[in-house]
Structures are given as C-alpha cells and as structure tokens.
Amino acid sequence: MRETKPSVLTPATSAFDLPARLAAKSDPALIAADEQHFADIATSLDRSTAELSARLDAARRAPAVMGQAALERDQEVHRLTSRLRTLRRFGLDLCLGRMVPEDGTAGEDEAGPVYVGRLGLTDGDGRRLLIDWRSPAAEPFFGATHAQPMSLTSRRRYRWTRGRVTDYWDEVFTPDALEAQAALDDQSAFIASLGSVRSERMRDVLGTIQADQDAVIRAGSRDALVVDGGPGTGKTVVALHRTAYLLYSDPRLGHRRGGVLFVGPHEPYLAYVADVLPSLGEEGVQTCTVRDLVPEGRTAAPEHDPEVARLKADARLVAAVEPAVRLYENPPQDDTEIKTPWGPVRISAADWAEAFGAAEPGVPHNDARDQIWAELLTILTDKADDGAQVVDDDVDYDVVHYGVESGVLDDGVLDGRLRDEEAAHDRDEFDAYGLRPEDPSVAVRRALETNRDLVRAFDRAWPLLDPADIAGDLWEVPAYLRMCAPWLAPDDVARLQRADPQAWTTADLPILDAARRRIGDPDASRRRRRQEAALAAERASMSDVVDDLIATDDSDLGVMSMLRGQDLRGALVETTALPAADPDLLAGPFAHVVVDEAQELTDAEWQMLLDRCPSGSMTIVGDRAQARHGFTESWTERLRRVGLDRIGVASLTINYRTPQEIMTEAEPVIRAALPDANVPTSVRRSGIPVTHGAVAELDSVLSGWLADHATGTACVISADGAVAAPPRVRSLTPELAKGLEFDLVVVVEPGSFGGDGDRAGLAGAVDRYVSMTRATQRLVVLAG
C-alpha cells in the first residue's frame, strides 16, 4: 500500500533529491523555478485536502434525506471521497512534467512554463498550478516531436521516488532553447525511465508516454480500435491510460451511461495494474478476467481435450443456447381445462398463444414468466361470467405453497393483497390502491391466481429454468444437442457428451454466460415477489395509519380527508428501503470495453464481451504473434467474423522495454513458428548478455541477483509455475506471465513449454517467446 506523503515543504526540504552523479542538474538556474512552483503546489494541496475533508464531513453529517436528495448526497460523498483519496495517495508527484510554449506564456496571460499533472489544481487565487493530463491543453506535452513540436520550445519530465524528484530530462525543440539547457540526456525520457527497476506493481509511466502511444490514447471511442504491438511496445500502458482519458473526455462513457469495463488476461495481471487507474484520477472502472463474467468461472477447470476446446470455441455453439431455451417457450397446442368455484374454465391454444405473446422482446425467460402470468390471468378473468360471485373463501390456500415454490406466487404478496382487499371491504370511500370491493373481477383474479390446476398448467407451459441445467443438458442428452446444433457431426456430438454434465471447464463459460443472459437468474422472480410482498405490507400498514388519522381528525376542514387520494397515499409509502438483490456489476451493458491480450480470446469468448457492449465501442489490445493457438488472419478479419463491423487498427512497432540483447535471441524463437510475426524493433541496449546455464544453477542465479539488487523484481517462468522462489521473486507459468514485466527473468526448461504434443509446435514457441520478452534487464535461460 502506498504511503501518504507529507506535501508541506520546509525551507530545509527540497523537492529535488538528485544523486551526486547528477550534481550538474542541481544548479539553481535549472530548478529554482520548479522549487517555487512545487512549494505553491504543496500549499495548494494542503488547502485542498483540508477543504475537501471539511466538505466530506459536512456531507456525511447532513440530516438524513430520501429519494433524489439521498442519491445526490451519495454521489457528492463519492466524488469528494475519490478526489480526497487521490490527493492523499500522491504528494508533489501529482506533477508529471512541464512544457514551455513558444510564446513563453502559460496561457491566460500567465508567464512561465505549463505544468501537467494527474489532476488539475489551482491555488487560492484561482491561478492554474497543474493542468489535467487528459485535457486538450496537455496534448503537446505527450505529442510534441522534433518533427512536430506543437508550438513548444522545450519539455521537462520528472522521475519521482518517494515523493521527491530523483532525475529529470529536458527535451528541446528549437535551436535558441538548446543553448539555455544543461539538463539534456543522451536518451529520451522514455528510454531512460524504462531502464529503471520495476516496482512490485506496474510503474506509472504516464510521464514518459511517447507521441505514437499518445495518439492512440486520444483516438476517438465510437468504433472498435485495435492496438496491435509486440512485446515491450507499451500496449498495456496505452490500454490503461486510454481508459482514463476516454472517461475524462467522452461524456458518453460516464458511469451513468454504462461506464467502462476493463478485461485482463488473468488475476496476476489485474493485481499488477491495480493502482494505475486510480493514480490517473479514475476510480469505479470495472476490472475483471473472462472467468469473472460467470460465477462458475471461479472453479472451472482447464479443458484438457483440445478437440472439445476447439468445438466449444465456436460462436455457433454459443448460439445453440437460443433454440435450447426456445424449446421451453412454445405455447401448448391443446386446450386446457381448469376447475373454478364458478365452473370449469377452458384455456384454448389461442389463449396460450396470446399470453405467451405478452413476453417483451429481449426479456430473459424467467423474467418473462411474470408478464405471461399476468396476461394469462387477465385473459381468464375476462372470460369469467360477469355475474360470478367469488368470495375470499374461494381461495385455495393449499396451492399457495406450491405456487411459491414454482416462482409464480409469493405468500407475502398474497397476504398483502388480502389485507388491502379487507380494508377495501370495510370502507365506502375511494380505495387508495384501486381495489374496489364492488368489482367482482378482483376476487375472480385472486381465485385464479391461487388455482392449483392453473398454477401447475402454467408451470408446465413456461417452466422456471436454471441456466446451468440447460447448459448441462447439452452435454448429457445427445438428441438435445443435435437439435440445438445441427451443424455438429455425429462424432462431435458424441465427443461433447460427458459423465458429469456440470463438471465445468473454462471452455463452458461462454455457453453458461449465454444461458444466464437468455434465461435470467432463477431466483430473480422469487426475489422480486418478496419485494412486492414487502411493498404490499408497507401499503397495508400505511393504509391503517391513514385510516387512524382520518378517524381522529377533528379539524373543521377535515384536512386529513385529503389522504384518501391515491397519489397522496402512494407518496407516503417509502420504497427506497425495500430489500433488493445485489446488482451484477459485470452484466453490462457498458459504454466501452477495453480488453488486453485479446489475441487469446476465442470466438465464443468474444460473444461474452460483445453482449456487454452493444455499441461496439471497444479498445482491443494484443499481439497476433503471442496467440498460443494461432492467429493466421488479420485483426479486421477476426473481429468482423465475431460480430464487429467498425474497426480501426493502430500499430506500435517500437520496443521500449526489452533490450536488444534479449530480442536478438527471442526473435528467431517466434519466427521459426511464425515467419511473418510482427516483431518490434528494440531501441535500447542494456549491455547485459543473455545467460545460458543448467537448472542446477537456479539458486545461485537468484541469490546473486537479490544480493546485488536491493530493489526490483524477478520471476522464474516454468511449464508448471511451481518452482519454489524466495521473496521478491515470482514463480509463474508462461500464460500467467503474459502482460507482466520483471527486471530479471529466469526461464526454466523452455523445451517443455507448450503442453503435451505441442512442445515443438506453435504453443511452445509462443510460450518461449513470451517468457523471454518479460525481462527488462537480464534474461537467464536454464535447461538440462
């Protein structure tokens, strides 16, 4: 957890903590202006933190409110808390750098450099101390190049360590400015920063984003944008910062309009980047893996049969869920007769069809039961004789328990309704809830609602379904699977059958997800009826209160009699405190979806994401050369096949992270399996050659590195990821190492990578390539 750093600078404390080798950069002529500006930032931070704390305390202590006022107060508390958390997480290192425009002004007639920060910040007089990195005014800081300086004369970037500047670099874009600069570095700020050690969590490299990456980050969000790049090109950096930028700049993506879903390849990746989005000023983005989209994903085992995995990766098998559910939505073709206190009632095939037609398009199967049941009751009530006299004794209370169990009825709802109706019988005045005692249709409908034969007939006609049962039946009943997926060959149908149909694997998750979305939560109807029961009880209780108020009203004008009105009585019922189910935060729909390591997604898994993003507004990050199961087509061809039609592609071709020494050995590994692999060009050298040795040398390699490096991280990558590792050293499989980076990487027995039968094939080559390119400093390969 990051410590909160004091922001106040005492006279004896400088914002700069430059090492002796950078003594030239300590010249007051170079940093005096920054020192003063950082002091102003520190003062403003203290003031802002105090003000925000006071406002937050006031908001939390405000008198309790209800309805819209309560929502607005909660939103204000969330906004203040988020801002305060960001200010406390960072101190002066809110500042990323500064830029000097050609006219020498900071805008608004203010002289001096423009300072760019993770958040915007002003002083007590309204002077702008930091401009938000996502604002258009900050674009030159990231986008300026020597070819296109964007009206800048120079740009300075800072490296922060524990709240103080430990290095900085000036990039100069005009000959005149060059003469005044003494802090130039031979390499760019980005290259230099990547030469530093990795922290346990991903280092925030916002201050070192290059122009090509910044152009991708700021691209529009209306279509799907593919960010294609090999190892070390900064794809993950782009994905994270693009997420923060779009939330800031595009009002269509706000939380009230769906928000953003960020999908990573695995849990270690999500932990690795967990702090980055909050550090950029954005909280509340939903992050997950594909497994997390379905409850069964937590325990799903890998699919070890490659043929079964191949079949279940086909989007057509996801589409087979639709006919599998539709089988249970066909209206009965024969008439149904039920017995009632006033005689037999016949439900014709046309009645069934009319009731089934009440289901609104797109409503999940189980949710549609309520709509169909209500329509069926209306049809049968209209059929009843107008003169039929049905009293409370006609209710068949023996069927209530069965109705509750089937999801059609809720005893609490019935109890509430009966209480409402009893109150209506005792009053001659207008009933607040529209239940007129003289209307026989109310009693008729109540009798039908509790009719044993009708409840059971409806339960057979439109049953309550469980998504897991539907998905499991496909793997247990061959005829059912053949009907739902007629394109499968007989051998394929047989291969997909298994002894335990609900022994879920990762290949089942897209089918389970489709079933859940098509069917709905089997408990949702029961929860909804429990909520209706609570509301009915609240209405009945409020009705008693109103009756007492009216009865005891001794005013001349009979003011309390106004409470007889339906609107006023309804307004007295508090609905916000009623029980409700916890929402599924990953269900969507989302306004934008970002997916990293997208080359690994199957066509079936793409359906899980597209269902959550109907607009097709996506950021798709990946590298075709790192696809373990092959990626022979183009991104455009793949994405059009899965259902996207508006697609743009941006390529990142410069490897900023991996030294040339490592890429020289890694490139032949992937080209042997993929001759046309998009291998990026590495632009830096570490001076450290790749080391080869025996597995027996592992302990000495790790102990020697740990002794020589007080900070930084290391990783041992092996086929099973089970190598015992000391502190600061991770032990991962090639798949779980994907998307991560380490100062030292030790690859153990790379010849065993790829799984059974594919060690020399594509998966093995990809695993070796990915493992080798995780290193930012040193790579050791041990075998034998």
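The values are calculated or read from the model by the stated rules, or taken from the named source; none is laboratory data. None of the values given here were measured: they were computed from a predicted structure. Methodologically, a virtual Cβ is constructed for each residue, glycine included, from the backbone with ideal geometry; neighbour enumeration extends over all protein chains shown. For accessibility, only protein heavy atoms count, side chains too; no ligands or nucleic acids. Shrake-Rupley method; radii C 1.70, N 1.55, O 1.52, S 1.80 Å.
Here are a few things to note about the model shown:
- Taking each residue of the stretch 480-493 that is under 18 Å from V325 (Cβ atoms) and among the β-branched types (V, I, T) and looking for partners that are modelled with pLDDT of 95 or more and assigned to a helix (DSSP H, G or I) with beta-carbon atoms closer than 9 Å, six or more apart or interchain, yields nothing.
- Here D699 does not fit the description of being of a type in the set (D, E, K, R) and either touching a Lys or Arg at 6+ places or on another chain (Cβ under 9 Å) or within 21 Å of G230 (Cβ to Cβ) (or both).
- Among the residues listed as P323, P344, the single one being more than 19 Å from L740 (Cβ to Cβ), at pLDDT below 90 and either out of contact with any Phe, Trp or Tyr (no Cβ under 8 Å at 6 or more places or on another chain) or assigned to a helix (DSSP H, G or I) (or both): P344
- Number of positions in the stretch 338-353 that are in contact with a strand residue (DSSP E or B) (Cβ under 7 Å, 6 or more places away or on another chain) and open to solvent by less than 40 Å² (accessible area, probe 1.4 Å): 3
- Filtered residue count, the stretch 646-668, keeping only those that are out of contact with any Ser or Thr (no Cβ under 8 Å at 6 or more places or on another chain) and open to solvent by less than 40 Å² (accessible area, probe 1.4 Å): 2
- Tally, over the stretch 354-402, of residues that are modelled with pLDDT of 90 or more, open to solvent by 50 Å² or more (accessible area, probe 1.4 Å) and of a type in the set (A, V, I, L, M, F, W, C): 0
- Scope the stretch 448-472; condition out of contact with any Asp or Glu (no Cβ under 9 Å at 6 or more places or on another chain), open to solvent by 40 Å² or more (accessible area, probe 1.4 Å) and outside any loop (DSSP other than H, G, I, E, B); matching residues: R456, R460, D469
- Flag for V766 being under 18 Å from P668 (Cβ atoms), at pLDDT 95 or above and of a type outside the set (D, E, K, R): no
- Only residues that are open to solvent by less than 30 Å² (accessible area, probe 1.4 Å), hydrophobic (A, V, I, L, M, F, W, C) and in contact (Cβ under 8 Å) with a residue 24 or more places away in the chain were counted in the stretch 139-171, giving 5.
- If you check A783, A710 for being open to solvent by 10 Å² or more (accessible area, probe 1.4 Å), at pLDDT 90 or above and more than 23 Å from L652 (Cβ to Cβ), only one passes: A783.
- Annotation for the stretch 131-153: no member residue is under 17 Å from E35 (Cα atoms) and either in a strand (DSSP E or B) or modelled with pLDDT of 90 or more (or both).
- Top-ranked residue in the stretch 213-224 [being open to solvent by 20 Å² or more (accessible area, probe 1.4 Å) and touching a strand residue (DSSP E or B) at 6+ places or on another chain (Cβ under 7 Å); ranked as modelled with the highest pLDDT]: D223
- Close Cβ contacts (under 8 Å, 6 or more residues apart or on different chains) running from residues in the stretch 37-55 that are open to solvent by 10 Å² or more (accessible area, probe 1.4 Å) to residues that are aromatic (F, W, Y) comprise H37/Y115.
- Qualifying positions in the stretch 226-251 - touching a strand residue (DSSP E or B) at 6+ places or on another chain (Cβ under 8 Å), in a helix (DSSP H, G or I) and open to solvent by 10 Å² or more (accessible area, probe 1.4 Å): K235, T236, L247, Y248
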